[in-house]
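First up is the structure itself, then whatever we jot down about it.
Every number in this text was worked out from the coordinates using simple rules, so none of it is lab data. In this text the structure is predicted, and so the values were computed from the model without any measurement. Note that we place each Cβ from the backbone using ideal geometry, even for glycine, and neighbour counts take in every protein chain shown.
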Amino acid sequence: MPEHATPFWSADERRLIDSILDQIIPASADGRVPAAGSLGVADFVAERVSEDAGYQAVVSDGLALAAGLDGINTATLERLEITAPEFFAVLLPLVYKGYYSRPDTRPLFGLSAKPVHPDGYDVPGEPAELINALTAPVRTRGNCFRDTPDGRR
Amino acid sequence: MLNQPVDVLIIGAGASGAAIAWSLVDTRMHILCLEQGDWIFDKDFPSRDQDYELARYGKFSCDPNVRGLPQDYPINADDSPITPVNYNAVGGSTINYLGHWPRMKPSDFRARTLDGVAEDWPVDYATLEPFYEMNDRIMGVSGLAGNPAYPAYSPPNPPIPIGKLGQTLAKGFNTLGWHWWPSDVAILSRDDDGRAKCVNAGTCDLGCAAGAKASVDLTHWPMLLRSGVELRTGARVREILVGDDGMATGVLYHDRDGTLHEQRAEMVVVACNGIGTPRLLLNSKSKHFPDGLANSSGMVGKNLMFHPLSGVTGRFDEPMEGFKGPFACSILSQEFYETDPSRDFVRGYGLHSGRVATPVTYALGGYGVDNPIPWGAEHRRRMDDVYPYIAGLTVVTEDLPEEHNAVTLDPNLTDSDGIPAPKITYKVGENTLKMFAHGEARAAEALMAAGAREIVADGGGRDGKVWRRAGWHQMGTARMGHDPATSVVNGWGRCHDVKNLFIVDGSIFVTAGAVNPTSTIQALALYIGDSIKTNIATLFD
Ligand SMILES: Cc1cc2nc3c(=O)[nH]c(=O)nc-3n(C[C@H](O)[C@H](O)[C@H](O)COP(=O)(O)OP(=O)(O)OC[C@H]3O[C@@H](n4cnc5c(N)ncnc54)[C@H](O)[C@@H]3O)c2cc1C
Ligand code: SF4
């Protein structure tokens, strides 16, 4: 876990937010997928929050409440979500965006680490025989659009 | 400032503006297009950036209220469950559209005669057919010939791969004996005309950096400029001017610095889309037209139609790799498209197999949806055990025209030039709600027949609710018709009230069909161009 302060969070606040983020996106049981706090997603959250005064107020109020909890775990955060829903409403989208838009997390879900252009993905075109076989039942049933009364299609 | 007069002034350089310019270019008339946006180049598309997906929630959002770029105008959609989305640039909304390219059907033009609802169009499928065909070639459409849901036609390029997702769902439809077909798309399946084929990147909504998707900044504007059409960017039209005789004389527009210019023209063509066009007409008040230009019928802004969507997601046993391939559609079922008197609704809907979201989009609730999935242990379960295995079907319904669904002018909100912004008042219709219920049940049936283990409620936006940012298709707000008392333009796009004013975008649709509209918008614009040329000697009579 990063042990540093961010531009507008103290080291204590940073530790607190990292532990909250670890609960929001926890690591997988086998450790293959890291938790959000340990990955440093708080840096992304800090950047976005610093750009928005409204976010800053909500997040700093939320952190103040979190600091008073009896530890950071699922049960305490579930209670906090009930008392401070706006904190979660701001935090969740930021954490999800920060976490899943990274080149190091994309491959964990099957996507390329690289930007999608120029390489894209290899999807082979279906051979004509396969498409013919798949569409055969549809063709066999015949036309399925209505003619108009004047017969003009 | 006053500029040299031109013969034809087109407002808007998107899908319809480019198509009408294409049609008129061989007349050798002096054609000028004014576009409020700018050129956008492939190097600026986010899909080449490391964090490319974040752009979807910021500067490349489909929602102009989120983007808030200088060329955008705000839209007040507080009184609508669906918010209009667009892009304002050379290319218009084809910059970020998804290129799904179904045509409307013969029955779509005859809803009143066949089903006793809405109105018949003054044109029909047979009239538009050659223009669909011509337009498919200009755009470079890919698809499979022989679709029994349409009169025979052949897309110019072979279909794009339907992929594992499409093949799986196709088998489900076959099991049930239902129609499906590989989707037509305005996306290249092979290199053509200097554009590269699709690389299956899946980010069509962020602009296609491969140039495979047919956006009109690539397919039309380079040729039009070479042929002498003038395109002035950063030019936002404030008002269409009329003379003492009630004919259009030109426009007032702001340049990038806000300076006001007058541009005179013999003929004005409006191509600002189903929201921008009624906004401009309503902003063009004069002593001849105190309620807005060409609005003696009172129909300008009325009958707004979207295609409300909902959807259903199934979880399969194998990964579906839904993030690979063009975003919009792999296959399309039109089994429930036509009216069936045994159902409790008229008209119908399509089942679209949109590709599935990437992890960011899925975690945030789906494309165009703000409804993040849960955090904690449930988050882990959904990302590991659900997300990779999902495939969905989107229920895309026909929206019937209803006068209370409308674009008006917001009394307070303006764009950066102080021009009043549009306000949307819209309610999803009863008929549509019945279609949702029917369509969601059928979609679930198809997914199970395709081998889904279960239907999941957390399907990346496909949770039975109307998608908010689904106002992609904007139609009906200046509709066509024979009767000047109930319509704004005649059967070839000329305003009943102002004989040198034409409208060529989705505003003139009489009904919406249940398919994406742009192939029809452009076919109609080409048809209007052709009619202008045919009637040139008596054009303003
Ligand atoms: C995210 C998204 C996905 C979509 N997917 C599909 C799809 O898969 N298939 C499909 O068929 N359709 C799709 N669409 C819809 C499609 O993009 C539109 O139907 C099509 O672009 C409409 O063409 P148009 O010419 O009417 O308007 P646009 O292409 O929107 O062009 C209008 C232009 O007019 C300009 N303009 C507006 N007002 C003024 C003014 N006052 N002065 C100067 N310029 C002005 C705008 O800047 C804009 O460039 C999608 C749209 C979006 C946003
Ligand atoms: S998936 Fe194909 S069409 Fe879409 S952006 Fe990528 S290359 Fe372009």
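Tabulated values for the structure
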read-out: Relative contact order of chain A, pairs being alpha-carbon contacts under 8 Å that are 6 or more residues apart, as %; value: 17
read-out: All Cα pairs of region B:344-409, percent lying beyond 17 Å; value: 59
read-out: Calculated on alpha-carbon atoms, Rg and Dmax of region B:205-331 in Å; value: 21.1, 71
read-out: Unsatisfied cross-links (Cα-Cα over 28 Å) in the set B:Lys213/B:Lys285; B:Lys285/B:Lys499; B:Lys59/B:Lys197; value: B:Lys213/B:Lys285
read-out: Kirkwood-Stokes translational diffusion coefficient of region A:77-130, alpha-carbon pairs, 25 °C, 0.890 mPa s, µm²/s; value: 169
read-out: Radius ratio Rg over Rh of region B:49-134, counting only Cα atoms, Kirkwood formula for Rh; value: 1.12
read-out: Measure of compaction for the protein assembly as shown (Cα Rg per 2.2 N^0.38 Å); value: 0.97
read-out: Contact order relative to length of chain B, as percent, for alpha carbon pairs under 8 angstrom and 6 or more apart; value: 23
read-out: Kirkwood Rh (inverse of mean 1/r, distinct Cα pairs), region B:490-541, angstrom; value: 11.7
read-out: For region B:414-541, diffusion coefficient by Stokes-Einstein and Kirkwood Rh (Cα), 4 °C, 1.567 mPa s, µm²/s; value: 71
read-out: Percent antiparallel among DSSP beta bridges (both partners in the protein assembly as shown, rounded to 5); value: 65
read-out: Degrees, to the nearest 10: B:163-176 long Cα axis against longest axis of chain B; value: 80
read-out: Amide H within-cut-off set for B:Met475, under 5 Å, with H built and near neighbours excluded; value: B:Met305
read-out: With Cα atoms, 0 to 90° folded angle of helix B:125-139 axis to chain B main axis; value: 80
read-out: Taking N as its residue count, the alpha carbon Rg of region B:202-272 over 2.2 N^0.38 Å; value: 1.46
read-out: Computed FRET value (nearest 0.05) for B:Arg137 with B:Thr259, which takes r as the C-beta separation and R₀ as 35 Å; value: 0.30
read-out: Neighbour-count ranking [beta-carbon atoms within 10 angstrom, fewest first] of B:Ile532, B:Ile162; value: B:Ile532, B:Ile162
read-out: Number of partner chain Cβ atoms within 10 Å, mean per residue of A:97-104; value: 6
read-out: Burial ranking of peptide ranges A:73-79, B:171-177 (average Cβ count within 10 Å, highest at the top); value: B:171-177, A:73-79
read-out: Burial ordering of B:Met267, B:Met305, fewest other beta-carbon atoms within 10 Å first; value: B:Met267, B:Met305
read-out: Number of partner chain Cβ atoms within 10 Å, mean per residue of B:50-62; value: 3
read-out: Per residue convex hull volume, Cα atoms of region B:1-157, in Å³; value: 211
read-out: Amide proton proximity set for B:Ala470, modelled H, under 5 Å, gap of 5+; value: B:Thr83
read-out: DSSP-assigned coil residues among trypsin sites (Lys or Arg not before Pro) in region B:180-213, each with at most 16 further Cβ atoms within 10 Å; value: B:Arg190
read-out: Of the DSSP H helices in chain A, those whose Cα atoms cover at least 15 Å axially and whose Kyte score averages -0.5 or more; value: A:11-24, A:53-67, A:85-100, A:128-141
read-out: Positive-pole candidate from B:Ala77, B:Ala13, A:Leu92, dipole of the protein assembly as shown, charges at beta carbon; value: B:Ala13
read-out: Residues B:Tyr153, B:Tyr362 arranged by fewest to most Cβ contacts within 10 Å; value: B:Tyr153, B:Tyr362
read-out: Two-decimal Rg to Rh for region A:60-153 - Kirkwood Rh, Cα set; value: 1.36
read-out: Two-site FRET efficiency, A:Ala89 against B:Asn412, from Cβ-Cβ distance with R₀ of 30 Å, rounded to 0.05; value: 0.65
read-out: Scaled radius of gyration (Cα, divided by 2.2 N^0.38 Å) that region A:1-108 gives; value: 1.01
read-out: Calculated diffusion of chain B, Stokes-Einstein form, Kirkwood radius summed over Cα pairs, 4 °C and 1.567 mPa s, µm²/s; value: 56
read-out: Tilt relative to chain B, helix B:518-534 - C-alpha long axis, 0 to 90 degrees, to 10; value: 30
read-out: B:Leu409 long-range amide H proximity, modeled H, under 5 Å; value: B:Lys423
read-out: Estimated [θ] at 222 nm from DSSP helical runs (n ≥ 4, -39500 (n - 2.57)) normalised by residues in chain B, nearest 500; value: -6000 deg cm²/dmol
read-out: Table column - 3J(HN,Hα) (Hz), region B:223-231, Karplus curve with 6.51, -1.76, 1.60, x for Gly and Pro; value: 5, 5, 5, 4, 8, x, 5, 9, 10
